[in-house]
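S.K.: Just dropping this structure here.
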Amino acid sequence: MEGWLLLVLQALYFFLPVYLANMAPELVGWIPWKKSVWEKGLGKNKTWRGVIVAVVVGGLVFYVQKLLYSFGFFNQLSIIDYSDFSIVLGLLMGIGAMVGDMGESYFKRKLGLKPGESWKPWDQLDFVIGGLLLGMFVYVPPVSIMAVLLIVSPVLHILANRIGYWLKIHDTKW
């Protein structure tokens, strides 16, 4: 596999707990509990249901990565030896995704931007920065991995939101 392609795939695989944690709140809208975390500061769309589900998903995805680590293909994709880490890393990455998202929402409210209103590039980077920062309490990825994540994640985020909009899962294209 080409060096740059392997680097991109490794970065994306490493960050799966963050990506899936960030998407999880959108997929559990059918769960009735929708208590706002802090409606005045973050808006009504940041709920405890979403936070809890995101953290659990981050931990579960990391756990599955630990299980898959012994298989050759997944071992090649891994930038860490998953047997050396507990699911705390996945939980922290999931928490970081939510903290980043809520931090961005807070500043959007302070600037007078409405929920769902676009605020580029922060809409696409908030969860990435949060996932990286909180994950760094357990593991600091190489600079090359962080650079790939900061470059590729916004494109993937826009693509995922567009697909969610077309599937009527998401209210806006952004």
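The values are calculated or read from the model by the stated rules, or taken from the named source; none is laboratory data. Every value quoted in this text rests on a predicted model; they were computed, and no experiment measured them. With ideal geometry, Cβ positions are generated from the backbone for all residues, glycine too; neighbour counts draw on all protein chains shown.
S.K.: Look at ILE169 and say whether it is outside any loop (DSSP other than H, G, I, E, B) and either surrounded by 19 or more Cβ atoms within 10 Å (Cβ to Cβ) or not charged (D, E, K, R) (or both). Steps first, answer last, please.
M.R.: Values: outside any loop (DSSP other than H, G, I, E, B): no; either surrounded by 19 or more Cβ atoms within 10 Å (Cβ to Cβ) or not charged (D, E, K, R) (or both): yes.
Taking the combined requirement at face value, the residue does not satisfy it.
S.K.: Which condition breaks for PRO115 when tested against (1) in contact with a Lys or Arg (Cβ under 8 Å, 6 or more places away or on another chain); (2) over 30 Å from GLU39 (Cβ atoms); (3) not hydroxyl-bearing (Ser, Thr, Tyr)?
M.R.: Condition (2) is where PRO115 drops out.
S.K.: From the list VAL138, VAL88, VAL143, which residue is of a type in the set (A, V, I, L, M, F, W, C), at pLDDT 95 or above and surrounded by 15 or more Cβ atoms within 10 Å (Cβ to Cβ)?
M.R.: Just one listed residue meets the conditions, VAL138.
S.K.: Test LYS46 against the stated conditions and say whether it is crowded, with 17+ Cβ neighbours inside 10 Å, of a type in the set (D, E, K, R) and either closer than 26 Å to MET102 by Cβ or touching an Asp or Glu at 6+ places or on another chain (Cβ under 8 Å) (or both).
M.R.: When the stated conditions are applied, LYS46 passes them.
S.K.: Let me ask you something else. May I ask you to verify whether VAL64 is of a type in the set (A, V, I, L, M), at pLDDT 95 or above and crowded, with 21+ Cβ neighbours inside 10 Å? Working first, answer last.
M.R.: Numbers: of a type in the set (A, V, I, L, M): yes; at pLDDT 95 or above: yes; crowded, with 21+ Cβ neighbours inside 10 Å: no.
Here the answer is no, as VAL64 does not meet what is asked.
S.K.: Which residues, taken from the stretch 147-174, are within 18 Å of LEU9 (Cβ to Cβ) and of a type in the set (A, V, I, L, M, F, W, C)?
M.R.: Of everything in the stretch 147-174, those that are within 18 Å of LEU9 (Cβ to Cβ) and of a type in the set (A, V, I, L, M, F, W, C) turn out to be ALA147, VAL148, LEU149, LEU150, ILE151, VAL152, VAL155, LEU156, LEU159, ALA160.
S.K.: Right, next: Taking GLY29 as meeting all but one of (1) farther than 17 Å from LEU134 by Cα; (2) surrounded by 14 or more Cβ atoms within 10 Å (Cβ to Cβ); (3) within 20 Å of the chain's Cα centre (by Cα), write down the number of the exception.
M.R.: Tallying (1) farther than 17 Å from LEU134 by Cα; (2) surrounded by 14 or more Cβ atoms within 10 Å (Cβ to Cβ); (3) within 20 Å of the chain's Cα centre (by Cα), GLY29 fails exactly one: (2).
S.K.: Next question, about the same structure. Of all the residues that make up the stretch 148-159, how many are surrounded by fewer than 17 Cβ atoms within 10 Å (Cβ to Cβ), touching a residue at least 40 places away in the same chain (Cβ under 8 Å) and closer than 19 Å to LEU27 by Cβ?
M.R.: Residues in the stretch 148-159 being surrounded by fewer than 17 Cβ atoms within 10 Å (Cβ to Cβ), touching a residue at least 40 places away in the same chain (Cβ under 8 Å) and closer than 19 Å to LEU27 by Cβ: 1 in total.
S.K.: Moving to a separate point now. Output the helices (runs of 4 or more DSSP H) that fall wholly within the stretch 32-146 and possess 2 or more residues being closer than 19 Å to PHE14 by Cα, or say none. Outline the logic, then answer.
M.R.: On the way: elements: 39-42, 48-68, 72-77, 88-110, 122-135.
By residue number, 48-68, 72-77, 88-110, 122-135.
S.K.: A follow-up question, please. Which residue pairs have Cβ atoms closer than 9 Å, lie 6 or more positions apart in sequence or on different chains, and pair a first residue in the stretch 23-35 that is touching a residue at least 12 places away in the same chain (Cβ under 8 Å) with a second residue that is in a helix (DSSP H, G or I) and exposed (fewer than 13 other Cβ atoms within 10 Å of the Cβ)?
M.R.: So the pair list comes out as TRP33/TRP48; LYS34/TRP48; LYS35/TRP48.
S.K.: Now for a separate question. In the set LYS114, LYS35, LYS110, which member is touching a strand residue (DSSP E or B) at 6+ places or on another chain (Cβ under 8 Å), charged (D, E, K, R), farther than 21 Å from ALA147 by Cα and loosely packed, with under 14 Cβ neighbours inside 10 Å?
M.R.: Answer to the selection: LYS35.
S.K.: Residues that are touching a Gly at 6+ places or on another chain (Cβ under 9 Å), in contact (Cβ under 8 Å) with a residue 24 or more places away in the chain, within 23 Å of THR172 (Cβ to Cβ) and among the polar types (S, T, N, Q): does the stretch 52-65 have at least one?
M.R.: There is no residue in the stretch 52-65 that is touching a Gly at 6+ places or on another chain (Cβ under 9 Å), in contact (Cβ under 8 Å) with a residue 24 or more places away in the chain, within 23 Å of THR172 (Cβ to Cβ) and among the polar types (S, T, N, Q).
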